[in-house]
Amino acid sequence: MSFFDEKRNVSQKHSASTVSEQSNPSGVLSTEKKSETDLSVPNHAIPSAVTTKEAPVMKGVSYLTVFRHFRQAQMCQKYIREKRMALMYHESFDFPEHVWNKAQENMAPNPDGSIDPIPEPLLQVATSHAQKCEKLLSVWREVFGKERGWDSVEGDFMQVLMRKKASSTKEKKLKELIESGQRVADLFRTIFSTIEGTDMWTPSQIQSFHAKIKQLNGLRTANPDADPMIQTRNEEIQAEVSRLYQQYSEQKQSNKPLAKQLVAELSVLLTKTRVDLNTIDPEVFLLAKAITEMSPSNRPFAVFGLISYESLSEIPGLKGLVEREYVPTSKAFVNTVTQHQGNQFLFFSTLKMAESLYYCSLGADCSATGDLMTDWCLGLSYSKMNFQACDQDLLESELYAQLTTGQLHDINWMLTALEAFYGQ
C-alpha cells in the first residue's frame, strides 16, 4: 500500500470508527461556524511526522553507517515484529523455525501429518538474517536505551539521519533524498488533511454529533434477517446515521486553493527527485526509486516492478487539483516502451527482474548473502517467500534456473531499455 493510500485509509477509518459510536436520533445539529477561516495561506508550513528533538546524533559514527543501520532496520521489521509477539506471549522464538512453520501453512500437508525438516538453504539464510537483526538491536539498545519499544527502531535511526551532518558527496545526496522523502510524506499528509477540511463546529457540537451516532447504533438489532420489521427499522437508523455524517462532512471547511498549491509543490519535488535515478550508486538509486514511485515504502525492494497509479491526478481525492502532472517512474517507463512494443503483459511479467538486474549492475550486492536475495528468500518486501532464491545469487536463482529462453530475451531487451531510460 502506498503512503497516500495508507493515509486516506486512516482518515476514512477515523470517520468510519465513529459510526460504531452511538447517539440520540432526535436532536438537530447546528451548523453555526466557530469562526471564519482565511483561505489564502501562502507558504503554508507543513508539520513533519518525524520528531527530531530528542534523537542523538551518534557522534563518531558516519552518516553512511547510520543510513545502513536504518536500512537494516527496514530489513529486520519482520524479525523484530515476530520476536516481539513471541515475547509478549512468553513463547520461545526461533526465527528459522518460525519462517518454516509459516511456510507450511501454504503447503499441502504430508499424508501422515508430519512436517518436513527445514531445507538447509532456508535455514542458513534465516539464521544469518536473525544474527544481523540481533546485532542491529544491540546497536540500537546501546544508542537509544533498552527501555524503548522495539517498534521504534526504524524511526529512531531515521531521526538520527534527519539531525546528523553528512560529510561526503554520497552522504549529502542520501540526506537530501531522506529529507525529500519526508517532505513527500508530509505533503501527502497535509494535502489530504486540507482536502478533508477543518471542523467549523464547536467542540460541544462535535461531541453532540458523536453522542447521537453512538445512541443510534445502540438502537440497531443484530441478526435481523428473520423479521422484516426489524430490517426496516435498521435501515431507517442507517439512513439517519448517513444523514448525520453528511451533515458533519458539510460543516468542514476545505481549503482547495491551498491543496492545489501543495499538489504543485509535490509534483515539482517528485520530478526533481527523478533526476537522481541517473546515478551509479545503488543505495542512492534505491532511495530515489522509492520516492519517485510515490510510494516511500519501508520495504526497500518492494519498489521493483511496482506499477502505481497512472498519474498523480489518478490518486483518489486529487482530481481537479493537479496542474503539473506526474507519472510514477515504473509507469513512466512502461508508457515509454509500450509506444514501440504495445504488449504491456511483457512488462508486468519481467519488470521486477529487469529492475533488479539494473540495480545489481550499479554494483549492489546481489550475491547469495546480499540483502536482495535475502529479501526474496524470506519474503521481506513481498508476502510470498521464494525458497528457490535461498542461498543463490540472482543469476543462479532466476536467470539460469527458472526462466525460458524467450523470457531471457525479454529481460535482456528490457534491461537495455531501462539503461536508456534511467540515463536520460
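The values are calculated or read from the model by the stated rules, or taken from the named source; none is laboratory data. Note that the structure is a prediction, hence the values are computed from the model and not measured. With ideal geometry, Cβ positions are generated from the backbone for all residues, glycine too; neighbour counts draw on all protein chains shown. Heavy atoms of the whole protein, side chains included, go into the accessibility calculation; ligands, DNA and RNA do not. Shrake-Rupley method; radii C 1.70, N 1.55, O 1.52, S 1.80 Å.
For this structure, a couple of remarks:
- Any hit, the stretch 174-185, residues being closer than 30 Å to T292 by Cα, of a type in the set (G, A, S) and open to solvent by 60 Å² or more (accessible area, probe 1.4 Å): no
- The one condition in (1) surrounded by 12 or more Cβ atoms within 10 Å (Cβ to Cβ); (2) within 27 Å of the chain's Cα centre (by Cα) that L123 fails to fulfil: (2)
- Only residues that are of a type in the set (A, V, I, L, M), in a helix (DSSP H, G or I) and modelled with pLDDT of 90 or more were counted across the stretch 196-236, and they come to 4.
- Checking each residue in the stretch 109-142 for being part of a loop (DSSP other than H, G, I, E, B) and not polar (S, T, N, Q) picks out P109, P111, D112, G113, I115, D116, P117, I118, P119.
- Hits in the stretch 312-334 - residues which are open to solvent by 10 Å² or more (accessible area, probe 1.4 Å), on the phi < 0 side of the Ramachandran plot and of a type outside the set (K, R): S313, E314, P316, L321, V322, E323, E325, V327, A332
- Between K53, K13, the distinction of being within 24 Å of the chain's Cα centre (by Cα), surrounded by fewer than 16 Cβ atoms within 10 Å (Cβ to Cβ), farther than 30 Å from A126 by Cβ and modelled with pLDDT under 60 belongs to K13 only.
- Complete set of residues in the stretch 200-244 that are surrounded by fewer than 16 Cβ atoms within 10 Å (Cβ to Cβ), basic (K, R) and under 30 Å from N255 (Cβ atoms): R243
- None of M158, M162 is closer than 27 Å to D276 by Cα, touching a Ser or Thr at 6+ places or on another chain (Cβ under 7 Å) and aliphatic (A, V, I, L, M) except M162.
- Condition broken by Y382, with the remaining ones in (1) in a helix (DSSP H, G or I); (2) modelled with pLDDT under 85 satisfied: (1)
- The condition of being open to solvent by 30 Å² or more (accessible area, probe 1.4 Å), without any contact (Cβ under 8 Å) to a residue 60 or more places away in the chain and not aromatic (F, W, Y) holds for only one of E154, E82, that being E82.
- Residue match in the stretch 98-105 (condition: polar (S, T, N, Q), closer than 23 Å to T374 by Cβ, modelled with pLDDT under 90 and in a loop (DSSP other than H, G, I, E, B)): no
- In the stretch 106-131, the residues that are farther than 20 Å from K384 by Cα and modelled with pLDDT of 95 or more: Q131
- Members of the stretch 83-106 found to be in contact with a Phe, Trp or Tyr (Cβ under 7 Å, 6 or more places away or on another chain) and closer than 21 Å to F301 by Cβ, listed by number: F95
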